[in-house]
Structures are given as structure tokens and as C-alpha cells.
1. Which numbered condition in (1) over 23 Å from Thr314 (Cα atoms); (2) within 15 Å of the ligand (Cβ to nearest atom); (3) polar (S, T, N, Q) is the only one that Asn222 fails?
2. Could we say that Thr214 is modelled with pLDDT under 95 and within 13 Å of the ligand (Cβ to nearest atom) here?
3. Condition first: under 19 Å from the mean Cα position of the chain (by Cα) and open to solvent by 10 Å² or more (accessible area, probe 1.4 Å). Now tell me which residues in the range 119-148 satisfy that.
4. If you check Ser156 against the conditions, is it over 30 Å from Asp88 (Cβ atoms) and within 14 Å of the ligand (Cβ to nearest atom)?
5. So Ile135 fits all but one of (1) assigned by TED's automatic domain parsing to the domain that holds Cys18; (2) touching a strand residue (DSSP E or B) at 6+ places or on another chain (Cβ under 8 Å); what number is the exception?
6. Does Gly108 meet the test of being closer than 24 Å to Gly319 by Cα, surrounded by fewer than 21 Cβ atoms within 10 Å (Cβ to Cβ), within 11 Å of the chain's Cα centre (by Cα) and not assigned by TED's automatic domain parsing to the domain that holds Ile241?
7. Go through the range 179-231 residue by residue and tally those that are open to solvent by 30 Å² or more (accessible area, probe 1.4 Å) and assigned to a helix (DSSP H, G or I).
8. Run down Leu178, Leu164 and say which single residue is touching a strand residue (DSSP E or B) at 6+ places or on another chain (Cβ under 6 Å), in contact (Cβ under 8 Å) with a residue 12 or more places away in the chain and either more than 14 Å from the ligand (Cβ to nearest atom) or not assigned by TED's automatic domain parsing to the domain that holds Thr214 (or both).
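The values are calculated or read from the model by the stated rules, or taken from the named source; none is laboratory data. These numbers come from a predicted model, not from an experiment. Here the Cβ positions follow ideal geometry from the backbone for every residue, glycine too, while neighbour counts run over all protein chains shown. Quick note on the areas: whole protein, heavy atoms, side chains included, nothing else; ligands and nucleic acids left out. Shrake-Rupley method; radii C 1.70, N 1.55, O 1.52, S 1.80 Å.
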Amino acid sequence: MSRLKRLAILGSTGSIGCQAFSVIQSLNQPEPRFSVEALAAGENLDLLVAQINAVQPKLVAIKKSSDIARLEKILGREWRGEILVGEDGLQAIAQLPSADLVLNGLVGAAGLSPTLASLYAGKTVALANKESLVIGGHLIKRALSEGNGKLIPVDSEHSALFQLFEGRQFSEIARLVLTASGGPLRTRPLEDFSKVTVAEVLKHPTWQMGKRITVDSATLVNKAFEVIEAHWLFDLPFEKIHTLIHPQSLVHGLVELIDGAVLAHLSVTDMKLPIQYALTYPERMATELPRLDLIKHKLEFDPVGEKRYPAFRTVVEAGKVGGTLPAVVNATDEVLVQRFLNGEIPFTGIAQGIQEIAEQHEPMKNPTLEEILEADRWTRERASMQIG
Ligand code: MG
């Protein structure tokens, strides 16, 4: 790369943000290729301070104004940037004029509005916040057609498919296949499901991720979200998006062409790879990551079991209905996953609750951002009272 690429990172202290930091650190050796102009984080101030000291951004946004004084105190006089707060702060960083690329690593529905702001501001967005597409796919599509913005997926499966699609004609694509590890309960006897513990569910067999997405991998809700994400990202009908269980998580995506040829993307299981590709796109850069040794692995594929993963179908169906329903399903899942982690409801209560609340909701067609966020709030109230 000839000149510094300037980044803004939303969700810098989360799982994606932290891994992005380590990618940037290694790409900036031996000579700097990226500068980090702005960071938006939540409440993990100690980590944020370490990040500020490491990259010296001009702007930082935090969640609560009550944290400003403490942040300023820890930072001392070393740093002379500006601190912004709340939704306004996020919006400002999402549209930052000096940023070439915005990495959106926020978690949850809160990620949609900044994604839209970035796209309308003509930014390229490296999108790790899948909820943006799950709950607001139609709004993102409109923003892409009305503005000069671009999306580069960071989700590993979508990054794989994005790479496979490069240079292909849309008319050559017969279907695509997303792979799912099957999560930690893939071989657990079905009759034990009501006794599953939090510790078991958090032990993901192949990926290191945040807590919610790890639980979502056990229910396969994450994969259902990824089906919806692929539908909007690649403009493909749901009938052309298939899912297979692939326990080794080495094949990240498959594209079947109209002549029957199948292209696959394989790599070691490490989120740093899709993060790096989104940051360096369209270029590729060498990494120190371990290489894939196929002699050591057997590749297996299985269909998605309906009894084992009942929430998968509910959530994909919600994606097909569209409107406000995906937002409702997403918010229900977020609340119920947290309640499962708190020990308030059993593991099976997640799938059951999603189905019940989805049935109670009258979906609104073609909702605005405000209507989507209103559906999100409506749902949170319900889901927090739902009896698991
Ligand atoms: Mg994924």
C-alpha cells in the first residue's frame, strides 16, 4: 500500500476490535500502513486507555458521559484528542471525514444506525456487526444504492464467499453454502438438552468469540442470522442459500456454479484472517498465522438437524418474512441468551422463547430505522419477562 490507510474502529474493546488491533500492529511492521483516527468503545475504560496510548487517535467515543472524568483522569495529559459520548459520538465517528475505512465491530442492534451513517457518508465499511444486515438489510441496500459507500464483510463465512465471488458473474452462481461448526452440543444426546450448563455452551469447539455469539453457535441462531446476512449482502434469494454442519470449521464457504463446479474457501480457524482481508482489500498481505495442514484433518459435512437446532428454522423463516420480524427475533435472542447466561432460563428456553415471541409479533413491512428500533425495544420488554 502506497499511503497510510486511515481507520475508524467502532467497538474497539470488543472481541473483533481487539483482534483488529493485533492485526493492525502486525501489518504496521516493518513500516506503518494504517493509522487509527478514531475509536468508539463501551465501558471498558482501562482497555480503551491502553488502545488510546497505543495508536493516539484524534477522537474517542464512549457510552456514558459519567465516564468522561474518569477517562480523562487515567489518560492524564499525554493524549490531546477529543472525547465524545453516546449515540452522537458513534455517529460522528461513523462519518469521520478523515477515515478511509470504518470497521464496525459493535455488537447488537446498536450497530445498524452507525453502518447507515457510514454508508451515506460514502465510507467503505468493514462490517462485523451482522445485526446491521439481519435487522436492517433493506435499509442497508437502499443506503448502498443511494450513496457511494461500500461493504466488505468481516464475518468469516461471508468473507470467504466474498472472496469466492470475486471476478464471477452473478448469473454463474447456482447456490451458496454456509458452513456451521454445529457448536458444543453437536453430539450431546437430545434428551439431555434441558440440563445443559452455561459452562458447556461457552466451550466452543473451534472458534474463540464473544459470549453471545458462542451461545448463538450452540443454538445455530448465529448461522440463521448469517443466512439472512448472506441474502442481503449477495442479493440472493433464500432458496439459493444452504447450510451444512462442518465440525472442523476449515471450509468457510462454498459456491456452486451453474455448471456444477463447486468452489470452496479453506483456511485455519482464526478471525484475524477475515479481519485482515477486510482491512487490506483489495490487496493481500503476508501473515504469520499458522498454515492449514490438510493431512492432519478429515473434513466432514452433515445436514442441519431440525430437532437439535429448532431455532435455526424459526430465525431463517423470520428472515424470509422480513419487515420488523428479524429485529424482534434478534432482540429476543439477545435477551434470552443473557438470561440463560445469568442462570434464569434453561438452554432450551432460548429456542422456545424466540418462537413464542415471534408468533406474538405483527410484522410491519418496509420499516424505517426508527420503527426497527421501536420493535427492538418492544421485544426487549417482552423477552425480559418471558417465562423460560
Ligand atoms: Mg460467522
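1. (1)
2. Values: modelled with pLDDT under 95: yes; within 13 Å of the ligand (Cβ to nearest atom): yes.
Judged against the criteria, Thr214 is a match.
3. Across the range 119-148, the qualifying residues are Lys123, Thr124, Ala128, Lys130, Glu131, His138, Leu139, Lys141, Leu144.
4. Criteria met by Ser156.
5. Failed condition: (2).
6. yes
7. Result for the range 179-231: 12.
8. After ruling out the rest, the residue left standing is Leu164.
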